[in-house]
Amino acid sequence: MVVQPSLWKDVAKERKLAAWTSVRQDRWEGELHVDGEIPQWLNGTYLRNGPGLWHIGDYNFRHLFDGYATLVRLHFENGNLIMGHRQIESDAYKAAIKSNKLCYREFSEVPKHDSFLAYIGDLANLFSGASLTDNANTGVVMLGDGRVVCLTETIKGSIVINPNNLETLGKFEYSDSLGGLVHSAHPIVTESEFLTLLPDLLKPGYLVARMEPGTNERKVIGRVDCRGGPSPGWVHSFPVTEHYVIVPEMPLRYCAQNLLRAEPTPLYKFEWHPESKGFMHVMCKASGKLVASVEVPLFVTFHFINAYEEKDEDGRVIGVVADCCEHNADTTILDNLRLQNLRSWSGEDVLPDARVGRFKIPFDGSPNGELVDALNPDEHGRGMDMCSINPAYLGKKYRYAYACGAQRPCNFPNTLTKIDLEEKKAKNWYEEGAVPSEPFFVARPGATKEDDGVVISMVSDKNGEGYTLILDGSTFEEIARAKFPYGLPYGLHGCWVPKC
Ligand SMILES: CC(=O)/C=C/C=C(C)/C=C/C1=C(C)CCCC1(C)C
Ligand SMILES: CC(/C=C/C=O)=C\C=C\C=O
Ligand SMILES: [Fe+2]
């Protein structure tokens, strides 16, 4: 249906999204009725994590990223679908439930202090990490050894769960002595390794570390010193190629003063330092040596999509290409994700523009890299975030990415978009008034084509209800949907646990 621009205000007024509504679910499990056909080959479990509980008692959290971690499980077996929904029992969540107040520092929320002495104690606890949250609300990964770990930006917020019943099993304790308080919320996880970045806030730089399946020990591959200052850039995610780890140094940098503040600033724990510039560093995975370090145009990104190596006719690597969901070097997206903003949409077109930003990083010693549009952003409505690819193409030349785009006016990405990076075209799925979550690609076993598989998303519809949507990866047409028993809060990132 096409809505007249003058009617958008009515559409916005009538919309009741479950996406931004807190739900506390100690445990729900049940079978869903499926409309359409779930392919018989789709056997396994899609797990999705995200912040779904944004209040304690009558105190409401401010930011999307503050909410307590909520897992949703979609178990596919022979065309049938069973759903599960459960909170992660982090120390932060348990303490809040027990004492009916915030006890740990979340993304924007800081516990209130009864006295000056308590405030000083809390500052000490900030430096030791004791007051930081372990609310693992960002993503979930399956390690090569089968353990399933939920993650956030604090290292202590690494929590092992049981993918079959969503039970919290306990902390993932790193057995090394790397220390540090924060890491990239998105490690690169394959059957053979777990790669992570640890920003060093004291001596600005990043450690690149690797962990083998079956162990809890991260080993340092190498270190990158920051070229700008005064602190490392925020590193929510990073890309890899077959032989290199790419370390982004974003001009949106961690900020010690903002870490200490009780009230959030528009950039939360970060600060925008355009004068410090942006850089991309490329480290050889085998040797830990830097093979390139270039200045790039200013950029703002949460999520890298993929990266790959470019070769000359003799097969020598001449550079790397790295793609990300890039917010046109505009940091306002971070504050746009305040719950009040998300909940009070009046029909105005307030989602800042974003694009698939493509970094080109040469290996010939040039001081600069490029950042260009990978395709015309109008193809996906100038909204772009929450991406996935076929995991078989991780680090390799690839053609397709799946993400959330925009059908304007909107205040949040509201389409699913299949990006064809070769044809520079996008195919979009949209339902009026609805908000879909990250489209997650699952390849058909035995597939030889990159887009042979399905794309799973969970949609909040305009009536406060929701459903899971299964699109064909190739045609991007709906093949099945299944209504949830109640509307689910928005979720961030997921993983696929194949049936063993
Ligand atoms: C949900 C999401 O994508 C990001 C969550 C980020 C969090 C919880 C960040 C927390 C932090 C602190 C509690 C203090 C230190 C800085 C920072 C990593 C931002
Ligand atoms: C939901 C989001 C950005 C949307 C912007 O268009 C970012 C989430 C980041 C954390 O995982
Ligand atoms: Fe993320």
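The values are calculated or read from the model by the stated rules, or taken from the named source; none is laboratory data. Only a predicted model underlies this, so the values are computations on that prediction, with no experimental measurement involved. When we count neighbours, we look across all protein chains shown, and the Cβ atoms used for this are built from the backbone with ideal geometry, even at glycine.
Quick check on region 61-111: of everything there that is surrounded by fewer than 24 Cβ atoms within 10 Å (Cβ to Cβ) and of a type in the set (S, T, N, Q), which residue is nearest to L132 (Cα to Cα)? Going through the qualifying residues, I end up with S108.
Can you name every residue in region 258-293 that is touching a helix residue (DSSP H, G or I) at 6+ places or on another chain (Cβ under 9 Å) and not in a strand (DSSP E or B)? So that I can check it myself, show each step before the final result.
Narrowing region 258-293 to residues touching a helix residue (DSSP H, G or I) at 6+ places or on another chain (Cβ under 9 Å): 259-260, 262, 264-271.
Matches in region 258-293: L259, L260, A262, P264, T265, P266, L267, Y268, K269.
For N135, are the conditions met, namely being of a type outside the set (D, E) and closer than 27 Å to N165 by Cβ? For N135, the condition - of a type outside the set (D, E) and closer than 27 Å to N165 by Cβ - is met. Just for region 79-90: of the residues that are part of a strand (DSSP E or B) and more than 16 Å from ligand 1 (Cβ to nearest atom), which one is nearest to D26 (Cα to Cα)? Checked region 79-90; the qualifying residue nearest to D26 (Cα to Cα) is R86. Tell me, please, whether a residue that is within 14 Å of ligand 1 (Cβ to nearest atom), farther than 25 Å from L371 by Cα and assigned to a strand (DSSP E or B) can be found in region 246-257. No, the conditions are met nowhere in region 246-257.
Consider region 368-408 and keep the residues that are within 14 Å of ligand 2 (Cβ to nearest atom) and either in a loop (DSSP other than H, G, I, E, B) or without any contact (Cβ under 8 Å) to a residue 12 or more places away in the chain (or both). The one that is surrounded by the fewest Cβ atoms within 10 Å (Cβ to Cβ) is R408. Among the residues making up region 325-336, those that are of a type outside the set (D, E) and within 15 Å of ligand 1 (Cβ to nearest atom) are C325, H327, T331, I333, L334, N336. Region 30-78 holds strands (runs of 3 or more DSSP E) entirely within its bounds, and those carrying 3 or more residues that are under 27 Å from the mean Cα position of the chain (by Cα) map to 44-53, 68-77. Is at least one residue of region 171-185 within 16 Å of ligand 3 (Cβ to nearest atom), in contact with a Phe, Trp or Tyr (Cβ under 9 Å, 6 or more places away or on another chain) and assigned to a strand (DSSP E or B)? Yes; the residues of region 171-185 include at least one that is within 16 Å of ligand 3 (Cβ to nearest atom), in contact with a Phe, Trp or Tyr (Cβ under 9 Å, 6 or more places away or on another chain) and assigned to a strand (DSSP E or B). Of the residues making up region 422-433, those that are in contact (Cβ under 8 Å) with a residue 12 or more places away in the chain and surrounded by fewer than 21 Cβ atoms within 10 Å (Cβ to Cβ) are E422, K424, K425, K427, N428, Y430, E431, E432, G433. Of everything in region 294-328 that is touching a residue at least 60 places away in the same chain (Cβ under 8 Å) and not in a strand (DSSP E or B), the residue that is farthest from ligand 2 (Cβ to nearest atom) is P297.
On inspection, V11 qualifies as among the β-branched types (V, I, T), surrounded by 16 or more Cβ atoms within 10 Å (Cβ to Cβ) and modelled with pLDDT under 95.
Here A406, A426, A401, A443 are screened, and the one residue that is at pLDDT 95 or above, more than 16 Å from ligand 1 (Cβ to nearest atom) and in contact with a Cys (Cβ under 6 Å, 6 or more places away or on another chain) is A401.
For region 183-196, residues that are more than 15 Å from ligand 2 (Cβ to nearest atom), touching a residue at least 40 places away in the same chain (Cβ under 8 Å) and crowded, with 22+ Cβ neighbours inside 10 Å total 1.
Please indicate, with yes or no, whether at least one residue in region 118-126 is in a loop (DSSP other than H, G, I, E, B) and away from ligand 1 (no atom under 13 Å from the Cβ).
The initial filter retains those residues of region 118-126 that are in a loop (DSSP other than H, G, I, E, B), namely none.
Scanning region 118-126 turns up no residue that is in a loop (DSSP other than H, G, I, E, B) and away from ligand 1 (no atom under 13 Å from the Cβ).
Filter region 173-182 down to the residues that are under 23 Å from the mean Cα position of the chain (by Cα) and within 16 Å of ligand 1 (Cβ to nearest atom), then identify the one that is surrounded by the most Cβ atoms within 10 Å (Cβ to Cβ). Write out each step before concluding.
If we filter region 173-182 for residues that are under 23 Å from the mean Cα position of the chain (by Cα), which is where we start, we get 173-174, 180-182.
With within 16 Å of ligand 1 (Cβ to nearest atom) added as a condition, the list becomes 180-182.
Details: G180: 16, L181: 17, V182: 23.
Checking each candidate, the answer is V182.
The set of residues in region 352-365 being assigned to a loop (DSSP other than H, G, I, E, B) and either among the basic types (K, R) or surrounded by 23 or more Cβ atoms within 10 Å (Cβ to Cβ) (or both) consists of A354 alone. Checking each residue in region 254-270 for being within 20 Å of D200 (Cβ to Cβ) and free of Cβ contacts under 8 Å to residues at least 24 places away in the same chain picks out Q257, N258.
For region 52-111, residues that are closer than 17 Å to H493 by Cα and acidic (D, E) total 1.
Pull up region 131-143, narrow it to residues that are assigned to a loop (DSSP other than H, G, I, E, B) and within 12 Å of ligand 1 (Cβ to nearest atom), then point me to the one that is farthest from G157 (Cα to Cα).
Step one: filter region 131-143 for residues assigned to a loop (DSSP other than H, G, I, E, B), giving 131, 133-138, 143.
Applying the additional criterion that residues be within 12 Å of ligand 1 (Cβ to nearest atom) yields 131, 133-138.
On the way: S131: 12, T133: 7, D134: 4, N135: 6, A136: 5, N137: 8, T138: 10 Å.
Looking at the filtered set, the residue picked out is S131.
When E313, E309 are screened for being over 18 Å from the mean Cα position of the chain (by Cα), acidic (D, E), away from ligand 1 (no atom under 16 Å from the Cβ) and crowded, with 18+ Cβ neighbours inside 10 Å, only E309 passes. The sole residue among G129, G144 that is in contact with a Pro (Cβ under 9 Å, 6 or more places away or on another chain) and small (G, A, S) is G144.
Table: residues versus (1) farther than 22 Å from D323 by Cα; (2) touching a strand residue (DSSP E or B) at 6+ places or on another chain (Cβ under 8 Å); (3) surrounded by fewer than 23 Cβ atoms within 10 Å (Cβ to Cβ).
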residue	(1), (2), (3)
K219	yes, yes, yes
R227	no, yes, yes
W234	no, yes, no
P239	no, yes, no
Y244	no, yes, no
P248	no, yes, no
